[in-house]
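> Could you have a look at this structure, given as structure tokens, before my questions?
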Amino acid sequence: MTVKNKNRLEVQLGSIRLKNPVMPASGCFGFGREYSKFYALDCLGAIAIKATTKEPRFGNPTPRVAETPAGMLNAIGLQNPGLEAVLEQELPWLAQFDVPVIANIAGSTIDEYVDVAEKISTVPNVAALELNISCPNVKCGGITFGTDPQIAAHLTAAVKQVSTVPVFVKLSPNVGDIVAVAKAVEQAGADGLSMINTLLGMRIDLKTKRPILANGSGGLSGPAIKPVAIRMIYEVSQHVSIPIIGMGGIQSAEDVLEFFLAGASAVAIGTANFVDPYICPKIIDELEPLLDKLGVEHIQDLTGMGWKHDNPQA
Amino acid sequence: MTVKNKNRLEVQLGSIRLKNPVMPASGCFGFGREYSKFYALDCLGAIAIKATTKEPRFGNPTPRVAETPAGMLNAIGLQNPGLEAVLEQELPWLAQFDVPVIANIAGSTIDEYVDVAEKISTVPNVAALELNISCPNVKCGGITFGTDPQIAAHLTAAVKQVSTVPVFVKLSPNVGDIVAVAKAVEQAGADGLSMINTLLGMRIDLKTKRPILANGSGGLSGPAIKPVAIRMIYEVSQHVSIPIIGMGGIQSAEDVLEFFLAGASAVAIGTANFVDPYICPKIIDELEPLLDKLGVEHIQDLTGMGWKHDNPQA
Amino acid sequence: MSKTIPQQPINPPRVPQVSLLTVTSNSPVARQVYQMTLKGDGVKAMVEPGQFVHMKCGSTVYPLLRRPLSICDVDKEKQELTIIYRVEGEGTRYLSRLQAGDTVDVLGPLGRGFPLKNRIEGERVLIVGGGVGVPPLYYLSKCLTKRGVEVTHILGFNSREDSFLTSAFEQLGETYATSMDGSLGHKGMVTDMVERWAPDDWQAVYACGPLPMLKAVEQYWSGCPQTEVYLSLEQRMGCGVGACLACVCHTPDSATSYKKVCTDGPVFKLGEVML
Amino acid sequence: MSKTIPQQPINPPRVPQVSLLTVTSNSPVARQVYQMTLKGDGVKAMVEPGQFVHMKCGSTVYPLLRRPLSICDVDKEKQELTIIYRVEGEGTRYLSRLQAGDTVDVLGPLGRGFPLKNRIEGERVLIVGGGVGVPPLYYLSKCLTKRGVEVTHILGFNSREDSFLTSAFEQLGETYATSMDGSLGHKGMVTDMVERWAPDDWQAVYACGPLPMLKAVEQYWSGCPQTEVYLSLEQRMGCGVGACLACVCHTPDSATSYKKVCTDGPVFKLGEVML
Ligand SMILES: Cc1cc2nc3c(=O)[nH]c(=O)nc-3n(C[C@H](O)[C@H](O)[C@H](O)COP(=O)(O)OP(=O)(O)OC[C@H]3O[C@@H](n4cnc5c(N)ncnc54)[C@H](O)[C@@H]3O)c2cc1C
Ligand SMILES: Cc1cc2nc3c(=O)[nH]c(=O)nc-3n(C[C@H](O)[C@H](O)[C@H](O)COP(=O)(O)OP(=O)(O)OC[C@H]3O[C@@H](n4cnc5c(N)ncnc54)[C@H](O)[C@@H]3O)c2cc1C
Ligand SMILES: Cc1cc2nc3c(=O)[nH]c(=O)nc-3n(C[C@H](O)[C@H](O)[C@H](O)COP(=O)(O)O)c2cc1C
Ligand SMILES: Cc1cc2nc3c(=O)[nH]c(=O)nc-3n(C[C@H](O)[C@H](O)[C@H](O)COP(=O)(O)O)c2cc1C
Ligand code: FES
Ligand code: FES
């Protein structure tokens, strides 16, 4: 049996150290207020906040969510209170917890991203930025930044210039060659990757004969997309040397380790919070016993083991 | 209530007329022999046969399938008995049934596709070809034909030159812009589209720390991918004027109509055959009562109703 | 308790709980409509009419999300909760198959319910419900009548076969039923019936039902500020606890101002949100 | 029935059926291992030892695919089927929660089982099983002993806690157990035990269990053509009926020749397929 070690769950995410690798995913945890009623947020490895834009946004009309087999669609449309409110109310409120914040930011133009990045990165409890270049529910001046490697790289470089904290880029799965986008943003200076955002999907109502979501299509998340996420992380992690925050359908400690094996160094949990408000602390609690069961000393040892060929095949 | 009409399920797929829009999907029904033990295949709208290549292929090592939430992964790797055996044994055997065959064909080079297309299209019970340019489990000389619009168009044009029957092109969902591929193959002469093939996915086993599939990644099919298929058909059908055979996670008559609303003119059923060998005839039986319930006269009237704005919103 | 401070927040939010409740009964009460009672410790927090619970339908990833269902009745002594639900899809179908002894994972109580504290003995209030908007109004009416408030109910259904709870409501106060096909009570919509009284015949009005019904109620009372009108809204939900922003509605204040149905509602004061 | 025509097809394939069977009992028989009996009309076709059934675990899309489980015993009179299964994942976990009276959608019987027709009274045969490879061998042994064949069993488990059916096998013939930790019978692998006899001490050998065990059996008997050796294979399956090509294995004939475990197997003659 493995020797108990206090820091078995600690992970190094580039220059950031997290006490454990589990964080709620952006957009699925607001700014933490709601779930803080269920548990003290200090237990979390980090918190990825709802995408913040320069100005407040209302987002898309409702209905904004629909259920699909083992998944859900959402088209929230980046609703958020805007940079000012996040700086003045949300981040100071979050500072009461001993948890690094990963500030997910979005915009319609590069300038807007740069503006938000510059200001939000100076807030003490913001440990990193997460560039949301992949929200499928908002058209950013016609282009989605996440689908063109060059545009993604350009945006990354611009944000890197102003950010005082590491910059993670959140990749879209709605591309033909995700490795190309990953390499391009790494080249442009990204300190890490978050993957994956939601897959584009739709449901049509037989009664109304229209899409259920008012926006038409939406982003597919939840267990249904887990195999897609695992495949993409498995591929990308072999081609970049920056750390990856993995996400997409995680529901259990077993899922977390599967993401590590694929190549993730930390994970984010989205949709599962809606099913069980206690899911993040529950999974954190289950990780050590599971490592014991598998005879693994440190969770970080698992990163990329799915493709590192020195591991003995059981 | 609607007047009963004998041909309510009949659909026109370009120049091909099907008695109903339901066919088993390629690769999920072999060449029909196995399921013919469960029911007489004459009830089917058509049969899409397993991808046929010039030479016999064994395919990938096992394990070749794995289960995922509401879906499955497969990496069969185009195992098939080769063109000669299909011409001499399988197609003649299928000719005993009053069912048009859609011959799914694959290859590693354009020449190979052309060769198979030329010969197989002359068989009397072959009503159409389905170019499998999207099998995620086989690398065709390094490129996947399905991800580059130009290569896809080139292949389509070459096959069109030799084929004596309509040519459907089966699109890959693993692309950033599926509309671009669809338009390119339409331009190149495709008579119709089949969509979608499987999404690339992976599962990793915690015990062995390796991907479950011997091939590493595989194609994700089943209900999990239905919202992705619906979204893609909804988009593509608005940009092309050739008919679409829709597929991806269909399990019920309701699902069939959802594909029609999105823009399909016929549907194929894959994974669901494995769950219920009688699924195709069952769904065919359920279609008319469902049309009654929705007050729809002819199933074909539903094609694209999800985006045609003249329909009254309920 | 006076009518002079109606502008204060309707009810302070409470911390919702996740609890495993045990089904004590579950049976059809109308066409495709079931009534279920659930028992357990978690019920004791369910004190406010108009709140809802978020129910996990099964223990797997299908169905995935919880389903919001209104609290229809609570028996505090027995620690029993009643819900009434119509079978719509996978989630409610799952619920309809449960039997006494089965357990359900319930998150709740959620949201802000109908405010009672302004209500005093002898007041006349109107309760207007349509379809599966009726259930939360039953617990409301019980709470109101307990306070000595005189309650009149107007309940609309598609037809007699779809109706439920009408005789239970009759025991609490005057009850008028309507049905679209005339098979029960007045033939037509609840709103036809509503117009038999002047808007200011009532100290308060509480409504829950389909959007067109709520809009009609809003219109009828919009010029009548002396009557307190509360509308309970429905919206597709993700989290149910205010985090995902699935369930928002606009407020009249500005283009970006909004309320969340799950935590600011489902009950809103007339005019508070845009229907 | 003579030994002179061993090259003919083992058994003609039958048309498998989909039937709804009713659970009559379901309880643990070893660590994480359950024994279930199912009753129904569909059982009457299940006559051949070594065949399997493909079970739908639940009525939703999760778990999605059917699960292959061997026929462990059949009571034709009672129309009862017995299976023994280890809880591995979602599918078998679902099965483990079923209770008497619940129904299961079963496709079967599937595949070709152990051929019996060459067996004659007085012959000595060896049955070798490991772990959850043991269940199909029970029905086989019953069929053989009924024919007057003298059967010896070697059954391997990880430990005593994981073992099952050992006393049932003892009633049919000589039975040797082995366990990896020595808590039951011989400490070690079944293959250690096998080597106590010469290969040609047996007219036939039937084996089902983990791949390394099957490989050891193959090796031990590969130079002994006078003994008929049958191996039952496991492979991840899709359809279970021969259509999807998930379950293939190579045959020695050519690079593209193959057999399907689901329809050509799961039982193969030694040498017929490559392990
Ligand atoms: C606050 C609130 C209280 C409710 N109270 C009741 C009640 O007491 N009795 C009752 O019968 N119904 C009630 N509903 C509606 C009920 O939630 C839906 O009918 C139910 O969720 C449908 O789930 P399903 O799985 O059967 O249908 P599906 O259509 O399969 O559900 C798919 C998804 O859509 C959502 N959804 C579908 N219809 C609705 C709807 N009308 N409103 C909100 N979400 C929907 C589901 O929650 C689920 O996420 C209430 C809704 C809300 C928001
Ligand atoms: C012909 C045959 C007969 C079998 N007989 C028995 C038996 O009598 N008793 C018993 O305990 N087990 C038996 N097995 C193994 C049994 O099928 C698996 O343990 C079971 O499918 C696991 O399902 P799960 O949902 O619990 O696990 P999961 O791992 O969640 O299953 C996921 C998927 O993998 C497949 N799978 C997982 N493990 C196996 C495996 N070892 N073999 C084949 N498919 C697998 C499942 O069918 C499913 O599609 C047999 C397998 C085959 C092929
Ligand atoms: C309701 C909802 C809102 C989301 N909002 C954001 C967002 O604002 N920014 C972002 O980068 N990702 C957003 N996402 C994507 C998630 O962060 C995550 O990448 C995705 O949901 C996959 O993880 P999951 O399957 O665990 O939910 C959102 C997802 C959901 C379901
Ligand atoms: C086991 C398996 C084998 C398949 N083989 C082929 C194939 O040979 N050619 C092809 O075009 N598609 C093949 N497909 C894809 C299906 O035809 C279909 O496009 C896909 O599975 C989505 O439909 P479904 O969700 O109903 O299964 C295969 C799918 C499965 C599951
Ligand atoms: S349902 Fe998530 S905010 Fe209301
Ligand atoms: S499982 Fe489909 S061919 Fe054997």
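> Rounded to whole Å, give me the distance from the Cα center of the range B:160-186 to that of the range B:247-273.
Taking the Cα centre of each part, the range B:160-186 and the range B:247-273 sit 19 Å apart.
> Further, regarding this structure: Where the label is 7 Å out from Cα toward Cβ, how close does C:Ser27 come to the same position in every other copy, in nm, shortest first?
Spacings between copies for this position, smallest first, are 3.3 nm.
> Hey, which residue of D has the C-beta nearest the axis mapping D onto C, and what's the distance in Å?
Closest Cβ to the D-to-C rotation axis, residue and whole-Å distance: D:Tyr62, 2.
> According to a simple spin-label model (label point 7 Å from Cα along Cα-to-Cβ), what is the distance in nm between A:Ser15 and A:Asp42?
Between A:Asp42 and A:Ser15, the simple spin-label model gives 2.7 nm.
> Dimensions of the range D:124-232 along principal axes (Cα, Å, largest first)?
Here the Cα extents, ordered largest to smallest, are 37, 30, 22 Å.
> Hey, how many Å between the Cα centroid of the range D:207-225 and the Cα centroid of the range D:100-156?
Computed from Cα coordinates, the inter-centre distance equals 17 Å.
> May I pose another question? Just to confirm, what accessible area per residue do you get for the range A:11-309 at 1.4 Å probe, in whole Å²? Before the final figure, lay out each step's value.
Details: 8770 Å² over 299 residues.
Heavy-atom accessible area per residue stands at 29 Å².
> Considering Cα pairs under 8 angstrom that are at least six residues apart, work out the relative contact order of the range C:17-110 and quote it in whole percent.
Numbers: 209 pairs, mean separation 38.9, N = 94.
Computed value for the range C:17-110: 41 percent relative contact order.
> Still on this structure, please answer the following. Counting only other chains, what is the mean number of Cβ atoms within 10 angstrom of the Cβ of each residue in peptide B:192-202?
3
> I've got another one for you. Can you pull out the buried accessible area for chains C and A, both sides counted, probe 1.4 Å, rounded to the nearest 100 Å²?
Working: alone 12720 and 13350 Å², together 23430 Å².
The summed interface area works out to 2600 Å².
> Let me ask something else about it. If you take every DSSP beta bridge whose two residues both sit in the protein assembly as shown, what share of them, in percent to the nearest 5, is antiparallel?
So the antiparallel bridges in the protein assembly as shown amount to around 50 percent.
> Percent relative contact order of chain A, based on C-alpha pairs within less than 8 angstrom and at least six residues apart?
Details: 729 pairs, mean separation 62.8, N = 314.
Contact order relative to length: 20 percent.
> Around A:Glu286, what is the net charge, scoring Lys/Arg as +1 and Asp/Glu as -1 over all other residues with Cβ under 14 Å from its Cβ?
It works out to a net charge of -4.
> Any idea what Rg and Dmax come out to for the protein assembly as shown if you just take the C-alpha atoms, in Å?
31.8, 104
> I'm checking a number: the convex hull volume of the Cα atoms of chain A, normalised per residue, in Å³. What is it?
Working: hull volume 41.1 nm³, N = 314.
Looking at chain A, the number lands at 131 Å³ per residue.
> Taking Cα pairs under 8 Å and at least six residues apart, what relative contact order does the range B:187-266 come out at, in percent?
Once divided by the residue count of the range B:187-266, the mean separation gives 34 percent.
> What value, in deg cm²/dmol to 500, does the helix sum -39500 (n - 2.57) over DSSP H runs of n ≥ 4 give at 222 nm once divided by the residues of chain D?
My calculation for chain D gives -4000 deg cm²/dmol from helical runs alone.
> Additional query: For peptide B:206-219, compute the average count of partner chain beta-carbon atoms within 10 Å of each residue's beta-carbon.
Working: counts 13, 3, 6, 15, 8, 7, 1, 1, 0, 0, 5, 7, 2, 1.
The mean count of partner-chain Cβ atoms within 10 Å per residue comes to 5.
> Here's a follow-up. For D:Met55, what charge total do you get from the other residues with a beta carbon under 9 Å from its beta carbon, if Lys and Arg give +1 and Asp and Glu give -1?
Once positives and negatives cancel, what remains is +2.
> Compute the distance from the alpha-carbon center of the range B:80-116 to that of the range A:96-110, in whole Å.
Taking the Cα centre of the range A:96-110 as reference, the centre of the range B:80-116 is 55 Å away.
> Run the helix sum for chain B: -39,500 (n - 2.57) per DSSP H stretch of 4+ residues, divided by residue count, reported at 222 nm to the nearest 500 deg cm²/dmol.
-7500 deg cm²/dmol
> Continuing with this model, one more query. With all protein chains present and a 1.4 Å probe, how do C:Asp105, C:Asp200 order by accessible area, largest first?
The ranking, largest first, comes out as C:Asp200, C:Asp105.
> Restricting to the range A:162-314, what percent of DSSP beta bridges are antiparallel, rounded to 5?
The antiparallel proportion sits near 35 percent.
> Rounded to the nearest 5, what % of DSSP beta bridges with both residues in the range A:11-309 are antiparallel?
Beta bridges within the range A:11-309, antiparallel portion: roughly 40 percent.
> List the distances, in nm and shortest first, from the label point of A:Gln187 to the matching label points in every other copy, placing each point 7 Å from Cα along the Cα-to-Cβ direction.
2.6
> Can I ask one more? Run through the other copies and list how far each one's label point is from that of C:Arg147, in nm with one decimal, shortest first; the point sits 7 Å from Cα along Cα-Cβ.
8.3
> Dividing the alpha-carbon radius of gyration of the range D:17-110 by 2.2 N^0.38 Å (N being the number of residues), what value is obtained?
In units of the 2.2 N^0.38 Å rule of thumb, it is 0.96.
> Under 23 Å Cα-Cα from C:Lys259, which lysines qualify once same-chain neighbours fewer than 8 residues away are excluded?
Straight-distance partners of C:Lys259: A:Lys37, A:Lys50, A:Lys54, C:Lys117, C:Lys215, C:Lys269.
> Here is a further query. Which order do peptides B:92-99, D:229-236 fall in by mean Cβ count within 10 Å, highest first?
Result, highest mean first: D:229-236, B:92-99.
The values are calculated or read from the model by the stated rules, or taken from the named source; none is laboratory data. No experiment lies behind these values; they were computed from the predicted model shown. Cβ coordinates were reconstructed from backbone atoms using ideal geometry, including for glycine residues, and neighbour counts include every protein chain displayed. Each accessible area value is taken on the protein alone, full model and side chains, heavy atoms only, with ligands, DNA and RNA left out. Shrake-Rupley method; radii C 1.70, N 1.55, O 1.52, S 1.80 Å.
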